Amino acid sequence: RILLGAAVLAHKYVHDERLSNSYWAKVSEIFSCESIGVMERDFLMVVDYDLQVQEYDIMGHHEGL
């Protein structure tokens, strides 16, 4: 659920022409349109509606490598 919610939001964030939730429901073959919408909203709440990635976010992971 988390991965699909992240993929849907990432696609919508990057592409101007968005795929509908019914498309994602057909692709997943498991979830309904309504549950896709719930996943989107839940994921947005978890990330505080902040979908931008800053350089310090990436560099924080880089130091551990």
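Segment 5-42: which trypsin sites (Lys or Arg not before Pro) are DSSP loop and have at most 15 other beta-carbon atoms within 10 angstrom?
Filter output for segment 5-42: R18.
Across the accessible surface of the chain, with the other protein chains kept in place and a 1.4 Å probe, carbon and sulfur atoms take up 57 percent. For V47, the accessible surface of its heavy atoms amounts to roughly 50 Å² (probe 1.4 Å, protein chains only, rounded to the nearest 10). Note on the chain: Kirkwood hydrodynamic radius from all Cα pairs is 13.0 Å, rounded to one decimal. Computed with a 1.4 Å probe on the full set of protein chains, the accessible area for Y13 sits at about 130 Å².
Accessible surface of H62, taken over heavy atoms with a 1.4 Å probe and every protein chain present, rounds to 110 Å².
Accessible surface computed residue by residue for the chain, with neighbouring protein chains in place and a 1.4 Å probe, gives 82 Å² per residue.
The values are calculated or read from the model by the stated rules, or taken from the named source; none is laboratory data. For clarity, every value in this text was computed on a predicted model and none was experimentally measured. Heads up, the Cβs are rebuilt from the backbone with ideal geometry, glycines too, and the neighbour counts pull from every protein chain shown. Ligands, DNA and RNA are excluded from the accessible area calculation, which covers all protein heavy atoms including side chains. Shrake-Rupley method; radii C 1.70, N 1.55, O 1.52, S 1.80 Å.
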